[in-house]
Amino acid sequence: MKRAFQGLDSGQLLLICAAGLVAVAGVAHTAAVGLDRPEVAIGFGALIAVGELARLTMPGNREVAPIGAAAALGYTLLLDLATNPLRHSALQVVAVIAVGMVAGALPHLAVGRPPRLDAMARRLLTGALLAFAFRPLAGTLHELTLGERGTWWPALIVMVTLIALTLGIDVLIAAMLRAEQVRTAFRVAVSDEVRTAFPLGAAVAASGVLLALASHSMDLVALVVFAAPLLVTQVAFRKYAGIRATYLQTVRALARVTEVGGYVEPGHSRRVSRLSVAIGRELGMSEPELLELEYAALMHDIGQLSLRDPIPGGATVLTDPEQARRIAELGAEVIRQTGVLDRVADVVRRQCDPIDEDPPLSSRIIKVANAYDDLVGGSTDRDRAGAALERLRLAGGSEYDAACIGGLARVVDRAPSHRI
């Protein structure tokens, strides 16, 4: 459990504390007054636990539990089972979600895979927010659906409206946390969350609404009917995440060929990649752009494999511009042979272009990061880092992009001395 708290910033700790207080309040209240319709609470709690047990990590290191989230949403929006109204309170919803999440997390803890506490806290608070907004209206909405001219439209409109508001708040909270964690602009973090997390959230929301509505006529059988397609969907997401992780590992392995062959210093590609991504975040690049930048930075020196005699230390910053450009073009040709990394190949090809030829921002970032690492290497000496930055500034203008140098300076200044 100690590992789960390591590396958390103040925003994450505040979120976890808030979720903990809400969970304690929900469990204490439910223990005092008792469970309303225990069989329903246990059924949905079990599905939430299964969802937490099958959680997965999506691109951007986002931990999600679609099945658990859909089950929590369905329990929050339940109006009745087989026309029998349900009167469980918002605090009971919070208690069921909290207990289900803890039950699903215990097997992971037992094998040394602690959950992301901030991600769990966000899921709990999102469910609690929706429950406190919707449950007081549940009785009125149920009467509207079963009256003489009963219709589900009022309930559906209220559900969709409250879910949209809750998803919007969740995106803003996630963006604030991410902006702090990865040092990116808040507007960029919001854009990334909307692009990456919102589609999955919308799919989960639709599943939760359908689960709640289906329970009106299908009773608890709806849990089983809806669990199957959700499981299939989650398996597909897990395969996608696994393929993406394998893809990045393959690129990293390919990038190490230049190090194993003695063309560049050990760790050079990895350091340039990390520096490039950090500079990209400083300059407000989105996650898809950062992923392309990471691929290109890892393979920016692969063209050196074509050299008969390696450059001393692999420092292309010390070679003449024509040779550096030829290395970049050869590397781009190697990457283009994959057939799927054309944009990355273009970034690598143009990394040595003069500024007045308007190379892509990713190419300019890699050029600055590569030059800095060629000069500093794995050294942790602050004076050496300062001298390298000053050299890049003096060589600026047509050689290096001033904004990229400024971003590099902020990254280096913020990093601990042992991680420069």
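The values are calculated or read from the model by the stated rules, or taken from the named source; none is laboratory data. Bear in mind that the values here come from a model prediction, so they are computed numbers and not experimental data. Reconstructed Cβ throughout: ideal geometry from the backbone, glycine too, with neighbour counts over all protein chains shown. These accessible areas exclude ligands, DNA and RNA; they are computed on the full protein's heavy atoms, side chains included. Shrake-Rupley method; radii C 1.70, N 1.55, O 1.52, S 1.80 Å.
Some notes on this structure:
- Whole-percent carbon and sulfur share, accessible surface of the stretch 34-161, 1.4 Å: 67 percent
- Tilt relative to the chain, helix 361-376 - C-alpha long axis, 0 to 90 degrees, to 10: 60 degrees
- Net charge over other residues, Cβ less than 12 angstrom from the Cβ of Ala65 (K, R count +1; D, E count -1): +4
- Glu39 paired with Ala236, simple spin-label distance in nm, labels 7 Å along Cα-to-beta-carbon: 3.4 nm
- What the chain shows is 47 Å² of accessible area per residue, with the surface traced by a 1.4 Å probe over protein heavy atoms.
- Rg [Å, one decimal], Dmax [Å, integer] - the stretch 194-241, C-alpha atoms: 12.3, 36
- Rounded tilt (10° steps) of 10-33 against the dominant C-alpha axis of the chain: 10 degrees
- With every protein chain in place and a 1.4 angstrom probe, the accessible-area ranking of Met299, Met218, Met120, Met176, largest first, reads Met176, Met218, Met120, Met299.
- Between Ala387 and Ser191, the simple spin-label model (points 7 angstrom out along Cα→Cβ) gives 3.9 nm.
- Note on the chain: percent of Cα-Cα distances in each 10 Å bin, starting at 0 and stopping at the bin with the largest distance, equals 4, 20, 25, 18, 14, 11, 6, 2, 0.
- Against the chain, whose longest principal axis comes from its Cα atoms, helix 117-146 is set at around 30 degrees.
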